[in-house]
Amino acid sequence: MSSALAGSPTDASCDWLQLPTDVAVAILLHLPKVKDIMSLATTCRFWRQLTCTPHVWRSVVKARFPSTDPNKLTGGVQQLQQLYFDLTSPYKAVKDMSVIWLNGTYLRVVDDPNSRSKRVVELRSVCWLDIRHTFQGVLPGVYEVNFCMRFLGHSHDLCFSELAFRCTPSEGCGTAVVTRCQEGFWQAAARFSLRASPVTNYVEISVGVVTMTRVGELTVILEDHSAWWKQGIVFDYVRLKERPPGAPEHTSQPGFDIVDGVLQCHEGVESDWS
């Protein structure tokens, strides 16, 4: 190598140890998944040592998830890696969400080995139904918001007036989406779940598509505050499924689409199905 190139940005002997920690953290923030960060750690000694430092993981968590409980940031490297993994997961078990009337009488948590979460929320009978969660640090992109659930009894045993699904990005991060599904949709969804998953009867239902324009929070709410008493559904999890650019949508029948095995409901689905 000529002396003219020595010390230039292309010099292979560039001293990575001189890279400021805040710059390194900014680089790590462009790697949204733990496995991507761990892959970077295998490239050289600098990144391996850096990703074995609790301070770096603490900085990454705080930068992407600023509202994280400070008490959760006091652990070692493995605990912080697990925390980051949990926070970046697109899945959230309904049992870990905010569920009003989850008291064992109206709604209750039960074991279900056939579910992904292994412990699910069973809607026994409730008037005021309200389930919600806020995903933090959601990266820019287009996401389907999917609820995974199964139905108890015959489809005609379901008792709902109109469930509303609200998907609301934090201010300046996107546009809110509201989808309302009436009784006919749920009866059709119950029949679909029996065909699509005859063993477990669980089915993912896409309740909205949200575009995040920048990193922020996304609040997902399922609610029905009407005077009707609701019953007949078991909730497993909510998933943010990132939609690839230009992903096709194939309509199978009026009222909903079935794309990659996911039932996608349309706003204002009426109960006039056969």
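Just so you know, in region 193-205 the residues that are under 23 Å from the mean Cα position of the chain (by Cα) and part of a helix (DSSP H, G or I) include one that is modelled with the highest pLDDT, and it is 193.
A Cβ distance below 9 Å, combined with a sequence gap of six or more or placement on separate chains, defines the contacts here; from region 37-60, residues that are without any contact (Cβ under 8 Å) to a residue 12 or more places away in the chain reach residues that are among the aliphatic types (A, V, I, L, M) and outside any helix (DSSP H, G or I) in the pairs 39/31.
If the condition is being surrounded by fewer than 17 Cβ atoms within 10 Å (Cβ to Cβ), out of contact with any Asp or Glu (no Cβ under 9 Å at 6 or more places or on another chain) and part of a loop (DSSP other than H, G, I, E, B), then region 94-123 contributes 103, 104, 105, 113, 114.
Answer yes if at least one residue in region 225-232 is modelled with pLDDT of 75 or more, under 21 Å from the mean Cα position of the chain (by Cα), surrounded by 15 or more Cβ atoms within 10 Å (Cβ to Cβ) and under 30 Å from residue 136 (Cβ atoms), and no otherwise. Checked region 225-232: no residue is modelled with pLDDT of 75 or more, under 21 Å from the mean Cα position of the chain (by Cα), surrounded by 15 or more Cβ atoms within 10 Å (Cβ to Cβ) and under 30 Å from residue 136 (Cβ atoms). Checking each residue in region 225-247 for being in a strand (DSSP E or B) and more than 13 Å from residue 211 (Cα to Cα) picks out 230, 231, 233, 234, 235, 236, 237, 238, 239. Listed by first and then second residue, the pairs linking a residue in region 18-36 that is in contact (Cβ under 8 Å) with a residue 24 or more places away in the chain to a residue that is of a type in the set (Phe, Trp, Tyr), with Cβ atoms under 7 Å apart and 6 or more places separating them unless they lie on different chains, are 34/84; 34/85. Residues that are farther than 17 Å from residue 221 by Cα and either at pLDDT 90 or above or surrounded by 22 or more Cβ atoms within 10 Å (Cβ to Cβ) (or both) within region 151-172 comprise 151, 172, listed in sequence order. Can we say residue 59 is under 26 Å from residue 218 (Cβ atoms), within 21 Å of the chain's Cα centre (by Cα) and not β-branched (Val, Ile, Thr)? Criteria not met by residue 59.
The values are calculated or read from the model by the stated rules, or taken from the named source; none is laboratory data. Fair warning: this is a prediction, and the values are worked out from it, not measured in the lab. Note: ideal-geometry Cβ built from the backbone for every residue, glycine included; neighbour counts use all protein chains shown.
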